[in-house]
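In what follows, a single structure is set out as structure tokens and then discussed.
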Amino acid sequence: MLSVYTDDLTYDDAASCKISVFGGRVCIGADTSTWNWQMHGPEERKFSGMDEPLNKFLFHILDLLLIIKANTATNDRIEASSKSKSLSARNHIMTIQTTLFSFVNRWECDENDHLNVQFYFGRFEEADRQFRLLSGLSETLVGARRVRHVRFHQEMRMGDLITVHSTIAFDGPHMLTVIHEMRDGTTGTLTATALDGYEPSANSAKTLRQRFKGFQASMIADAAPRGIPAGPANQRSTVPALESKGARIAYRGTVLPRDIGIDGKADDRFVLSCCTDGVAHVWQRTPMNHTYLTENGYGRVAAEMKLTWVTPLKTGDMVTVLSGFTSVGPKTFTMRHHVFESRTNRLAATVDVVALTMDLKSRTAVELPQEAFQSINQMLID
């Protein structure tokens, strides 16, 4: 084996002799005392006591060694850089999980020609199921989810590809916050975010941080609550109290087998479907009624929503939704839907909404007419 050594490089071939370079001296052979010549200098490119053919051969070898050494150093830098990037990428992949691949179907789009909010919640619910499987998150560890807080950042239209990525944040608005990011699968544009809020025991915080170390990321600013408080809504609301404040029935329905999730309870999409079917009747109480919207080419749009489950619903339960306005501004107003189990008037869930009017041509928000602002302001239930 032939081994060629410079100050910091070894090149292996297949003989038992070696060429060694030590501070201007060249030695050939298994024993470095064999065939020993002194280099006159790199500019002379010759060794004393060596015939010309061998002299040329050795310098040719040394030239090759310089090239190999330079390339090796470059490759080492490239490899180190590559390892750094791959570790960073691996860390990102490990902590932020891809939890959903989906698609916007024609039948999921509403009168505004975009994905209806109930199907955003349905996608987030599926992404959460996948994240629980991947991470080991469960109610046994962190308790029941208190809220799901969704913000809509960009419309999703028929045919758009959907991806969702999920992670856990310990610096979010809840003691433990699961963050879901929905993006356009083609452009990567952020289209919606969901925050799932949990409040496990304060004593378990350190243990949970360690347990979910491989699934953590920092809080995403775009997902932070904006127009609705982060915490759960009032869970003691009653039908008589709400009606006395001006809330009115906007929907009645029944929980069907198709509305049940894998846990045997009505799922998020069901509650949202009740609210989206009833919300047109809430708008109808204002000057921004069906006629006004149609004549102006406007649509009803939700910019932010928060779902708070209070008690579960099961197959066969009938529900009544009481809705009322909670605030109003120049371009947006808020409302709250209260979903009651009809037989006992038990509060099952609440849905807070930030609503706005959208020009269906420009796809931008428009200011509320003054009469609508005044009308809503007079009907506030909070």
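Could you give the dipole magnitude of region 96-224 about its Cα centre, charging the beta-carbon of Lys and Arg +1 and that of Asp and Glu -1, in debye to the nearest 20?
For this selection, approximately 680 debye.
Using amide H atoms built 1.01 Å from N in the peptide plane, name the residues 5+ places from MET175, or on other chains, whose amide H lies under 5 Å from its own.
TYR198
From the phi of every residue in region 249-262, what ³J(HN,Hα) in whole Hz does the Karplus formula 6.51 cos²θ - 1.76 cosθ + 1.60 yield, where θ is phi - 60° and glycine or proline is x?
Per residue, the Karplus-derived 3J(HN,Hα) values read 5, 10, 6, 9, x, 9, 6, 9, x, 5, 8, 9, x, 5 Hz.
Give the dimensionless ratio obtained when the Cα radius of gyration of region 231-382 is divided by 2.2 N^0.38 Å.
1.06
If we sort 311-320, 168-177 on the protection proxy, mean other Cβ atoms within 10 Å, highest first, what's the order?
In descending order of packing, they fall as 168-177, 311-320.
Normalised radius of gyration for region 312-361, please: alpha carbon Rg relative to 2.2 N^0.38 Å, two decimal places.
1.48
How big is the gap, in Å, between the Cα center of region 210-239 and the Cα center of region 103-150?
14 Å
When all C-alpha to C-alpha distances in region 96-224 are sorted into bins of 5 Å, what percent of pairs does each bin hold, rounded to whole numbers?
Computed distribution, short to long bins: 2, 11, 22, 23, 18, 11, 8, 4, 2, 0.
Of the peptides 182-194, 296-308, 243-255, how do they stack up when ordered by the mean number of other Cβ atoms within 10 Å, highest first?
The most tightly packed comes first, giving 296-308, 182-194, 243-255.
FYI, it's all coordinate maths here, none of it is from the lab. Source: prediction; values computed, not measured. Note: ideal-geometry Cβ built from the backbone for every residue, glycine included; neighbour counts use all protein chains shown.
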